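See structure below.
The values are calculated or read from the model by the stated rules, or taken from the named source; none is laboratory data. Note that the structure is predicted; figures quoted are calculated from it, not measured. Neighbour counts run over all protein chains shown; Cβ positions are idealised from the backbone, glycine included. Ligands, DNA and RNA are stripped out before the accessible areas are found, and what is left, the full protein with its side chains, is counted by its heavy atoms. Shrake-Rupley method; radii C 1.70, N 1.55, O 1.52, S 1.80 Å.
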Amino acid sequence: LFMLDGNGYTPDRNETDSIQSEWFYREAASCRTPWKGACIHQPPYTTSAVHGSTEASQWDYSNMDLVLSGHTHLYERLLIGGTNYIVNGLGGQTIYAFSSTIVSGSLFRYNAKHGAGKMIVTPKRLAWSFYSYDGALVDTLTLEK
């Protein structure tokens, strides 16, 4: 799981040609684990009416199985360019509305209640679940190798 600084606190910010991005691309290419994921604070893509997609976070994640982000206070699951994206920002702050213009690739959107995600990973299976705070299962994503 590659933890990326999306806030630009690295010396050359978080641009796609930064030292951090060069490190990420190099290490991700050489990584031989069954699953690869990236975490970045601002979502590369989201249908949020408040923040919207973050262009500076739209790196090349084509060799990632999953990209996790937060920042925008809603839940959304997307599939863009063959990569799965989860925006999980329903941890407790004021819930945001969705834009009336849905981002292409958005498969599931939820903003009714706060909640949390759970991920179980084995060498052959990655299972993601999102639950509302009252324990109701809201969304799932299962990937298999």
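Between the amide H of residue 53 and those of 46, distances stay under 5 Å, these residues lying 5 or more places away or on another chain, with hydrogens modeled in the peptide plane.
Overall, the chain carries a charge dipole of about 560 debye about its Cα centre when +1 sits on the Cβ of Lys and Arg and -1 on the Cβ of Asp and Glu, all other atoms neutral.
Which net charge results when you count Lys and Arg as +1 and Asp and Glu as -1 among the other residues whose beta-carbon is under 12 Å from that of residue 87? With Lys, Arg at +1 and Asp, Glu at -1, the neighbours total 0.
Based on protein heavy atoms only, the chain ends up with 52 Å² per residue of surface accessible to a 1.4 Å probe. Residues within the reach of a label modelled at residue 93 (point 7 angstrom out along Cα to beta-carbon, backbone nitrogen below 19 Å), restricted to the range 66-84, are 68-77.
Ligands, DNA and RNA left out, the accessible area of the chain computed with a 1.4 Å probe is 52% carbon and sulfur.
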